[in-house]
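Below is one structure, written out as structure tokens; the observations come after it.
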């Protein structure tokens, strides 16, 4: 096709797209509802099964846990009125608020929490979130079918719940702010069975009224919510995979708030009419290039260090990523680390080339798995050129997200591009799942990294109650991880969203579970 014809065809497609969008624009919007964009369809809304940010962010509007994160990332009450912890760090006693109701109008009792937690741990549930609660006394026996009850979860009375741990676990309260620790009504779960995942019933400020898969979800405000009620009638999540379509819908006024796609960041940032509509927040995340430590050639730590020296991370961050982030010194985000940064790898292609040659790896070919997102493709191609320049050929393979995740969980590729976002605000969340040898694959350690000294330091940190001692243990663990170089530690991304001028009280949250959807208004 000639350039002229191709341009004309593209123009025609764009015009048709705009006409279609305009034809279903603001007249079809529900008054009083706020509209968001999702790029993917949530797979489930059952807290026991949710593992993705999309599902978790919606579930936060439908459910509650015993505790939640406050604006300062501290622990505050949710369903629990208050709580106490024994001096040995083993027993947590929660006293529940009265007047908390599920959307089926039944009041929440302590037994509902026990049921919800045991549902996670029940092997028949096939929950991927057992790690959130496996620290509870008796959880292992229950998960292995050796006990019909979790010994460490005790209902004292209708409004008092006791949880006993096997060993002290310093971030335990933080774990209870997660999606997996939300309370569900036992009678509805038993009645609906697997259908509960698409017909969720919780205690949250909204109820799910309609879910049209791959199209939209409609949430409606609850008038009887026990905490501050929502200021909007409801929320519509429109599922729009394509960035261009999402941006067009935003500019037509059909979407009220979107995360700014990389392709539009510069344009919006320079637009004087939109600059003050942008919100940003230093994300609690780490982007990385994972190196498969379990197979050649990256079972060789010297080669992993060479790859770290080969890539100019700062240049990629400032060009392709347009400065939307901070360089990473290690796996723990800069706004979560409570100790000095570990020494980082400087960009030094000559040193990288010498190391590769010394290890006899010059001229080898490695596989590099990525998703089909355009920004990821652009980054991957630059990384490919950097590594090729120091003597190693890189073959890029693009996969759809679910196939990609499965492939890297199985350890198929030599190298992969990924990020990790905080589930709870504790450095442990960036150490144990990602680098402990018990978590190979789907558990989070997709680089298949193993170091007994690192395992020991992380475990000691988990069971240490005093902050300074914990920080020292985690500092040592991070330094060893950086020295072993199972990743190329890239950057911590800053999030940017843009809203319509008539949206009020909107704020961006560092962790998805914090946003209950009750503050935003028109």
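Looking across the range 191-233, just one residue is more than 22 Å from residue 519 (Cβ to Cβ), outside any loop (DSSP other than H, G, I, E, B) and touching a helix residue (DSSP H, G or I) at 6+ places or on another chain (Cβ under 9 Å), and that is 196.
In summary, residue 483 fulfils each of the numbered conditions (1) at pLDDT 95 or above; (2) closer than 30 Å to residue 266 by Cβ with the single exception of condition (2). Condition check for residue 289 on (1) part of a loop (DSSP other than H, G, I, E, B); (2) in contact with a helix residue (DSSP H, G or I) (Cβ under 7 Å, 6 or more places away or on another chain): one failure, at (1). Note on the range 29-123: enclosed strands (runs of 3 or more DSSP E) holding 2 or more residues that are under 20 Å from residue 426 (Cβ atoms) are 67-69, 75-77, 80-85, 91-96. What pairs come up if the first residue lies in the range 372-390 and is within 19 Å of residue 298 (Cβ to Cβ) and in the same structural domain as residue 359 (by TED's automatic domain parsing), the second is part of a helix (DSSP H, G or I) and at pLDDT below 95, and their beta carbons are under 6 Å apart, counting only those six or more places apart or on different chains? If the second residue must be part of a helix (DSSP H, G or I) and at pLDDT below 95, no pairs are left.
It is to be established whether one or more residues within the range 152-166 are more than 24 Å from residue 62 (Cα to Cα) and assigned to a helix (DSSP H, G or I). No: the range 152-166 contains no residue that is more than 24 Å from residue 62 (Cα to Cα) and assigned to a helix (DSSP H, G or I). Residue 173 satisfies every condition listed in (1) under 21 Å from the mean Cα position of the chain (by Cα); (2) assigned to a loop (DSSP other than H, G, I, E, B) except (2). Every test in (1) crowded, with 19+ Cβ neighbours inside 10 Å; (2) more than 19 Å from residue 60 (Cβ to Cβ); (3) in contact with a helix residue (DSSP H, G or I) (Cβ under 8 Å, 6 or more places away or on another chain) is passed by residue 253 save one, and that test is (1).
Can residue 140 be described as over 27 Å from residue 514 (Cα atoms) and more than 27 Å from the chain's Cα centre (by Cα)? When the stated conditions are applied, residue 140 does not pass them.
Every condition in (1) more than 16 Å from residue 188 (Cα to Cα); (2) touching a helix residue (DSSP H, G or I) at 6+ places or on another chain (Cβ under 7 Å); (3) surrounded by 23 or more Cβ atoms within 10 Å (Cβ to Cβ) holds for residue 78 except the one numbered (2). Residue count for the range 310-324, restricted to those that are modelled with pLDDT under 95 and either buried (at least 22 other Cβ atoms within 10 Å of the Cβ) or touching a helix residue (DSSP H, G or I) at 6+ places or on another chain (Cβ under 6 Å) (or both): 2. I want to confirm something. Restricting to the range 307-360 and keeping residues that are at positive phi and either without any contact (Cβ under 8 Å) to a residue 24 or more places away in the chain or in a helix (DSSP H, G or I) (or both), which single residue is farthest from the chain's Cα centre (by Cα)? Ranking the candidates gives 360 first. Determine if the range 443-457 includes at least one residue that is at positive phi, outside any helix (DSSP H, G or I) and either assigned by TED's automatic domain parsing to the domain that holds residue 295 or in contact with a strand residue (DSSP E or B) (Cβ under 9 Å, 6 or more places away or on another chain) (or both). Within the range 443-457 (the criterion being at positive phi, outside any helix (DSSP H, G or I) and either assigned by TED's automatic domain parsing to the domain that holds residue 295 or in contact with a strand residue (DSSP E or B) (Cβ under 9 Å, 6 or more places away or on another chain) (or both)), the answer is yes, since at least one residue qualifies.
The values are calculated or read from the model by the stated rules, or taken from the named source; none is laboratory data. From a predicted model like this one, the values you see are computed outputs, not experimental measurements. With ideal geometry, Cβ positions are generated from the backbone for all residues, glycine too; neighbour counts draw on all protein chains shown.
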